[in-house]
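Worksheet: the structure to be examined is printed underneath.
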Amino acid sequence: MEQRHFAVLVVGAGASGLGAAIRLAQAGVGDLAVLEKAGALGGTWRDNTYPGCACDVPSALYSYSFAPNPEWTRAFAGQAEIRAYLQDTAERFGVTGKIRYGVEVTRAQWNPREARWELATSRGPYTARILVAGTGPWHEPLIPDLPGLADFPGEVFHSARWNHGYDLTGRRIAVVGTGASAVQFVPEIVPRAGRLHLFQRTAQWVLPKPDHPVPGAERFLLRRFPALRRALRSAEYGAMETLGFGFRHPWLLRQVQKIGLAHLRLAVRDPVLRRALTPDYTLGCKRLLMSNTYYRALTRSHVDVHPTAVRSVDGTRVIGADGSSAEVDAIIFGTGFHILDMPVSSCVFDGDGRSLDDHWKGSPQAYAGTSVAGFPNLYLLLGPSLGTGHTSAFMILEAQLRHTVAAVTRTLGTEGTALTVRPEVQAAFNAEVQAALPGTVYQAGGCSSYYTDVNGRNSFSWPFSTGRLRSRVGEFREADYEISPAAGLG
Ligand SMILES: Cc1cc2nc3c(=O)[nH]c(=O)nc-3n(C[C@H](O)[C@H](O)[C@H](O)COP(=O)(O)OP(=O)(O)OC[C@H]3O[C@@H](n4cnc5c(N)ncnc54)[C@H](O)[C@@H]3O)c2cc1C
């Protein structure tokens, strides 16, 4: 009989879920499974296969500290390499056998009497004492609800679900959105497009990307001398941290903006286009972008930049809010993800049958971005209020994993125990975060971004240093939690 009850169930086999499985296994938690709805691991790096897809923090930093990779062939690795890294790491640390593919979790409900999570999945029920959600904030593509889109007769897809079967050669293409993905794929498809219309609601800050191939000799040295790997990681961490310091002291960013403006000036001679591409808010207010090819691609004669949001689609025409329009064969959305309205929050329920959504009412809140008052034995990876906008998700994740592993091993140490973060601890944590946000560029930078939720609250950003994130989030303090035996066992 297939095992259906586990000490720990991890949902999602992306960087977070795999990291959790590895760290928990290393801590001696063997009774564990990873439920993954897709047929392969990798999450973000499995789903995003658009041309030019790559990370935008240096690869030495965009990797697990416990699994350094001296083999990166570029300073900022591409999608295929990152995906292969996740696959290799999962194999090397022996967790691939823990993954159950094709299992979508549709509901998870805490049963207080049994002190366990009860899951409904596409492959039947599962139960577990502890639930770790690694379902990814950048997972569910966001396509704006445009009037007329459903009747568009041409090809439509989102960058995270790239249709490689559709040949873009010679086509008239509308690209909607100018975020991190669009900045990567637009330069790649411009040479093939017959005409490309870029609809840009907001001009972005785009800095030069210090990307380069890593020479074989450097890879050899990194392979040979672990101290060198550590030094590279520290140097990259320091560089990103300098930027982070600026994000907390926005007046300092004027100097960095000068680099962005010079980058734009060098690539774009046409003053009208340059004006359209010049941001009107402080750098860092939205996620920072880097590219050496984006601006130049937009100067090509068959590219039209429409500095406007899209209002609607009418037959084969995409219509901008400013009245401009474009006749196209295909629409590609680079419009991001459901980040603060993740689907998972509507299917995780507390002991009274209230979902995370019911608790949050549009403003996600957790303690240390990880545990949620009212939801015993639940840990969210890359949860609310931990986003930095400049550094690696792996750094945030690993701090959370230290916290989570300590909590899990404490819980499993005693039969029937449930750990629930104290509401007052969660409230104090969030009050501290919210009090510090107004001074940061995320809040003071004069933009609207996906960091802000439907209630106008920034539920995404961490306003302090990443050093503080690592110590604060990484620390598990038993006193922060109510420790209860199951009612039925107590
Ligand atoms: C194009 C792109 C580029 C990025 N670049 C960077 C970068 O340079 N630096 C950086 O720090 N971050 C970057 N990010 C953010 C990136 O998502 C994170 O760094 C990281 O990969 C997230 O990993 P995750 O495991 O938390 O989520 P994901 O990678 O999204 O994995 C979640 C997994 O959960 C599964 N899942 C979801 N719901 C269910 C369910 N109900 N049941 C079962 N399985 C489920 C999914 O199928 C998926 O495999 C990027 C994101 C995107 C989209």
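Translational diffusion of the chain, estimated by Stokes-Einstein from the Kirkwood radius over alpha carbon pairs at 20 °C in a medium of 1.002 mPa s, is 90 µm² per second.
Summarised in one figure, the compactness ratio Rg/Rh of segment 29-84, Cα atoms and Kirkwood Rh, is 1.03. The label point for Lys361 and the one for Thr293, both projected 7 Å from the Cα toward the Cβ, are 4.8 nm apart. Count charges around Asp88 for me, please; just the other residues with Cβ under 12 Å from its Cβ, Lys/Arg as +1, Asp/Glu as -1. So the surrounding residues net to -1. Annotation: per residue accessible area for segment 404-476 equals 39 Å², rounded to a whole number [probe 1.4 Å, protein chains only].
The 3J(HN,Hα) values that the Karplus relation (6.51, -1.76, 1.60; θ = phi - 60°) gives for segment 144-159 are, in residue order, x, 7, 8, x, x, 4, 4, 9, 5, x, x, 8, 9, 8, 9, 4 Hz. Gly and Pro appear as x.
Have a look at the DSSP beta bridges in the chain and tell me what percent are antiparallel, nearest 5. Of the beta bridges lying entirely in the chain, close to 40 percent run antiparallel.
Taking a straight line from the alpha carbon of Lys98, these aspartates and glutamates sit under 18 Å away, with near neighbours fewer than eight places off in the same chain left out: Glu2, Asp31, Glu36, Asp88.
Its residue count N fixes a reference of 2.2 N^0.38 Å for segment 163-235, and the Cα radius of gyration divided by that reference is 1.67.
Farthest toward the dipole's positive end in segment 212-322, which of Val272, Gly320, Tyr295, given Cβ charges of +1 (Lys, Arg) and -1 (Asp, Glu) about the Cα centre? Selected residue: Tyr295. Volume of the convex hull of segment 273-335 (Cα atoms only), normalised per residue: 122 Å³. Rolling a 1.4 angstrom probe over segment 336-490 with all protein chains present gives an accessible area of which 53% lies on carbon and sulfur atoms.
The mean accessible area for residues of segment 264-360, using a 1.4 Å probe and ignoring ligands and nucleic acids, is 43 Å² per residue.
Probing with 1.4 Å while keeping every protein chain in the model, the per residue accessible area of segment 47-111 equals 36 Å².
Express the carbon and sulfur contribution to the solvent-accessible surface of segment 89-146 as a percent, rounded to the nearest whole number, probe 1.4 angstrom. Carbon and sulfur atoms account for 48 percent of the accessible area of segment 89-146.
Sorting 88-96, 174-182 by average packing, meaning the other beta carbons within 10 Å per residue, from highest down gives 174-182, 88-96.
Taking every DSSP helix (H) stretch of at least 4 residues in the chain, weighting each as -39,500 (n - 2.57) and dividing the sum by the residue count yields a mean residue ellipticity at 222 nm of -9000 deg cm²/dmol. Across segment 155-263, the relative contact order, built from alpha-carbon pairs under 8 Å that are at least six residues apart, equals 22 percent. For segment 27-148, the calculated P(r), taken from all Cα-Cα distances in 5 Å bins from zero up to the bin holding the longest distance, is 2, 9, 16, 18, 17, 15, 11, 8, 4, 1, 0 percent.
The values are calculated or read from the model by the stated rules, or taken from the named source; none is laboratory data. Bear in mind that the values here come from a model prediction, so they are computed numbers and not experimental data. As a convention, Cβ positions derive from the backbone with ideal geometry for all residues, glycine included, and neighbour counts pool all protein chains shown. When the accessible area is computed, the model is the full protein with side chains, heavy atoms only, and any ligands, DNA or RNA have been set aside. Shrake-Rupley method; radii C 1.70, N 1.55, O 1.52, S 1.80 Å.
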